[in-house]
1. Taking 0.36 nm per intervening residue step and subtracting the Cα-Cα distance, what contour gain separates residue 380 from residue 138 on full extension?
2. Using r as the Cβ-Cβ distance of residue 261 and residue 41, and R0 as 51 Å, what FRET efficiency do you calculate, to the nearest 0.05?
3. Quote to one decimal, in nm, the extra length available between residue 184 and residue 53 on full extension: 0.36 nm per residue of separation minus the C-alpha distance between them.
4. Where in the range 382-411 is the amide nitrogen less than 20 Å from a point lying 7 Å along the Cα-to-Cβ axis of residue 472?
5. Rg over Rh of the range 258-389, using C-alpha atoms and the Kirkwood radius, what does it come to?
6. How would you rank 496, 446, going from fewest to most other Cβ atoms within 10 Å of each one's own Cβ?
7. If I model a spin label as a point 7 Å beyond the Cα along the Cα-Cβ vector, how far apart are those points for residue 397 and residue 237 in nm?
8. Looking only at the range 246-281, which residues have a backbone nitrogen under 20 Å from a spot 7 Å from the Cα of residue 447 in the C-beta direction?
């Protein structure tokens, strides 16, 4: 199903194996009361989890519509999903599908997005349930209701910061109209389908866009830098403007965004590429040692200098010197750095002879240097010397579409570093990573993926699951939904369902796999990823 080309069909949606689900929702079925309700909701949740495995939009929309029609026993259904981040007026739905409606009727439904029953549901954000629109005071006067003699209707909006849309159900395979339990099922469906669709929309946006960094990669040596977002491309374009010029570059941006890697890329694409690349973290050394570490010291210049000590400037001769966290330089060292940039010479500590410096300085800072200047914590003249060609590295929240690409590259790198077997990143893990917050940016993501790779390898899993990335979700208590929300709730449900089924089958994995409709190998992986162990039988009295 191609984006911006809504598909309309009056044929029945493809079966997803919901015969059992329909049976458990039947009023005359064997289950009654609370037990039957719990079983119905469990079955619906299982099917929603299955939808989370769909990676192709057409199959996702088809199976989603099949599910909600089957559960509510509606005669006709229509599902529409739009990208809530796209505010273009007049744009059609990204994906849509109908069951039991003619093309003319679907066109009428789509017109109701701004009016009619669907418009009412979207405007209020509330589900509309009516046994007969013809006799409902809210809708009986509507021309479309009278013309099409619309009776029972159930309409639930899909909403959120990402995907939005509507599920519209009409008529029912029963004498009575839709019931409250149908409304609960439709609302549960709408609540959980929206984030699943949002994940597909994110992937669609990334896939439909050309790699914004493609031209840069063809022209420059970007090494293993992962990502293809426009914001990353904009930073690279500025960096590559500066790379061939022997000028000072100031790299800014939040901590953990990859400024050091960008500095290396600048060096590799400069005239100094064959020279050394030397780093100095200005915040990692005591104030008393920074000057000697940077400029070197003659024997006896301080208590640690028992012999001549070359500094980082000398080590970077003919190459590039990266001064990370340059805002942490003490004022006295700032003055000497300014002299280096102005005269291309410097004095080691304890020396009266100036040395020539053939180095290119790249400075990096996550602090606001202009604010430091205003507070007299950073020299204004040095700031202007450093700020010749500034390049800002974007935060991860500004390049969220790069998270999946980054995570896969980081997973491969972690495997090589630790000698781990090849691991894939599950769709559920990608979704969890893409929707989580990363205040520590790429550095935090890298640490999380590396730890996940180690955990997954330890239990001999073939792919990284959300539980490997966010193990705290397994024992999450109050406030856990503040972190991952839907992903944690899903994992908790999976764990509880698996544990209950294992108990019911007396830990027969084959029987458990059959009941849940899963491969036996995957059940073993779930048991391992959740850290489940069979409890010893209690001693009988």
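1. Here the segment from residue 380 to residue 138 would lengthen by 80.4 nm.
2. In this case the efficiency is close to 0.60.
3. 44.8 nm
4. Only 396-397 fall inside the zone, counting backbone N under 20 Å.
5. Using only Cα positions, Rg/Rh for the range 258-389 is 0.95.
6. Taking fewest neighbouring Cβ atoms as first place, the list is 496, 446.
7. Output for this residue pair reads 2.4 nm.
8. Counting only backbone N, you get 253-262, 281.
The numbers here are math on the coordinates, done by the rules we state, and not lab data. Quantities reported herein were computed from a predicted structural model and do not represent experimental measurements. A quick note on method: Cβ atoms are made from the backbone with ideal geometry, for glycine too, and the neighbour counts reach across all protein chains shown.
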